[in-house]
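Student: Take a look at this one; I'll ask things after.
The values are calculated or read from the model by the stated rules, or taken from the named source; none is laboratory data. Predicted, not measured: the structure shown is a model, and the values here were computed from it. Quick reminder, even Gly has a Cβ in these numbers, built from the backbone with ideal geometry, and neighbours come from all protein chains shown. In case anyone asks, the SASA skips ligands and DNA or RNA and just uses the protein heavy atoms, side chains included. Shrake-Rupley method; radii C 1.70, N 1.55, O 1.52, S 1.80 Å.
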Amino acid sequence: MTGLVAAYQPHYYPRLHYLARARQADVFVIYDDVQFSRSSPHHRAPIDYQGRSWLTVPVRNTGVETPIDDARIDMSEPWPARHLRTLVGKYGEAATELRPFYERLCPPLVDASDLRENPPADAGDDEVDAWRMVDAEWRTRRRRLDRLRARKNRLGDEIALRKREDPAAPVEGLVAAAADLESRLERVEGDCRELKARRDRSLAALSAELEGTVEGTPMERRWELEGVDVGEWAGEVRLVDLTVPLLSELFDRFGVGSRVVRSSELPVERTGDAPEYLARLTEHFGGDGYLSGRTGYENYMRTGPFERRGLEVLVQDWTPDWEGGNVCALDVLYGAEDPSRWIE
């Protein structure tokens, strides 16, 4: 017999009891084919920082029947960089080790200076040359724009100086020159914006072709590109692409040695009746008992489906010894010498 089987929906940086239950079970099922809920920890971590109680991953509009493993992350805003800044702000530089979990969600972006000076060998010559031409033209226009702005500032200073020295001094000529300069500035600014959008769209397209050779570009750079819809560029990014790898990392760091599987990948017939489905999962693994959380046991658990199979239902009996109680796992990961002892 396998022993105890437990199932829990994937959480974004769960509390300690989550890891404790995974450790107590012989088989822990990441229950990711159940309905996604916006009010749940599926995409929210209990991280208290700068007046906020939760760190929330934005999820695109989902229907009421959307399973967790089909929930899509909204990549239109630079939330990965913001979340990492929050984590480093709360837990210190050690939390920068979490960066790869966020970077892998972001579309690849080649560094413009590298592409300009030393393009990768597998980049298409025509595409790179086309990008370089637009990039060179944009940089030329930008330098012109800087010169025009400097001239405008000098004209403004000269007008102000004349007025201070002699309030009656004629400045009509200078004002007319400033107005003409402002008109030229608007045209050059428009040209710069259009060129930068062309340049950035081309950079994004090249980066997609060079995926696998693009490394080290700061995450937030994606959202600084002009004319590029990052949400569309990133494509379909699933919530479980973030939460499941993070859970695996936490299991490893906290010494969870249980067998961990995902329900969405199991050949077990799904049913809308949760107790029946959990009993089927337990039976599938040859378990002799199912380990339930107290809240789930009190709110929806029926033991009938288990009893018909000769299976026992146990309720998790665990009290945190950590001074802060049942806190976010990261509090312990970055606050204890041996995180594993706090989920025993």
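Student: When the convex hull of the C-alpha atoms of region 192-344 is computed, what volume per residue in Å³ does it have?
Tutor: 210 Å³
Student: With θ taken as phi - 60° and the coefficients 6.51, -1.76 and 1.60, list the Karplus ³J(HN,Hα) couplings across region 164-178 in order, rounded to whole Hz; mark glycine and proline as x.
Tutor: 5, 6, 8, x, 8, 5, x, 10, 4, x, 5, 5, 5, 5, 5
Student: Just the number, please: percent antiparallel of the DSSP beta bridges in the chain, rounded to the nearest 5.
Tutor: 35 percent
Student: Next question, about the same structure. Taking K and R as +1 and D and E as -1, what net charge do the other residues with C-beta under 11 Å from the C-beta of residue 72 add up to?
Tutor: Spelling it out: positives minus negatives among the neighbours equals -3.
Student: Ignoring any ligand, DNA or RNA, what whole percent of the accessible area of region 123-163 comes from carbon and sulfur when the probe is 1.4 angstrom?
Tutor: 47 percent
Student: Before I look further, what does region 1-142 give for accessible area per residue, probe 1.4 Å, in whole square angstrom?
Tutor: Ligands and nucleic acids excluded, the figure is 46 Å² per residue.
Student: Given the C-alpha atoms of region 1-97, compute the convex hull and give its volume per residue in Å³.
Tutor: Measuring per residue, one finds 123 Å³ for the Cα hull of region 1-97.
Student: Using alpha-carbon pairs under 8 Å, 6+ residues apart, how would you state the relative contact order of region 154-229 in percent?
Tutor: Relative contact order here is 29 percent.
Student: Separate question: If you take the C-alpha gyration tensor of the chain, multiply each eigenvalue by 5 and take the square root, what semi-axes do you get, largest first, in whole Å?
Tutor: They are 57, 24, 18 Å, listed largest first.
Student: Please calculate how many Å² of accessible area region 189-313 carries per residue, with a 1.4 Å probe and no DNA, RNA or ligand atoms counted.
Tutor: 50 Å²
Student: Continuing with the same structure: How big, on average over all directions, is the shadow cast by the Cα convex hull of region 15-171, in nm²?
Tutor: 19.5 nm²
Student: Here's a follow-up. How much length is gained if the chain between residue 248 and residue 303 is pulled fully straight, taking 0.36 nm per residue apart and subtracting their Cα-Cα distance, in nm to one decimal?
Tutor: 16.8 nm
Student: What translational D, rounded to a whole number of µm²/s, comes out for region 127-267 from Stokes-Einstein when the hydrodynamic radius is the Kirkwood one over Cα pairs, at 37 °C and 0.692 mPa s?
Tutor: 161 µm²/s
Student: Here's a follow-up. So, with +1 on the Cβ of K and R and -1 on the Cβ of D and E, and no other charges, what is the size of the charge dipole of the chain about its Cα centre, to the nearest 20 debye?
Tutor: 1140 debye
Student: Here's a follow-up. How big is the charge dipole of region 170-273 about its Cα centre, in debye rounded to the nearest 20, if each Lys and Arg gets +1 on its Cβ and each Asp and Glu gets -1 on its Cβ?
Tutor: Result for region 170-273 is approximately 340 debye, rounded to the nearest 20.
Student: With n ≥ 4 as the cut-off for DSSP H runs, can you work out [θ] at 222 nm for the chain, using -39500 (n - 2.57) per run divided by the number of residues, rounded to the nearest 500?
Tutor: -14500 deg cm²/dmol
Student: Moving on. Place +1 on the Cβ of every Lys and Arg and -1 on the Cβ of every Asp and Glu in region 1-158, take the dipole about the Cα centre, and give the residue among 107, 50, 36 whose Cα lies farthest towards its positive end.
Tutor: 50
Student: Using only Cα atoms, what Kirkwood radius does region 63-134 have, in angstroms?
Tutor: 15.7 Å is the Kirkwood radius here.
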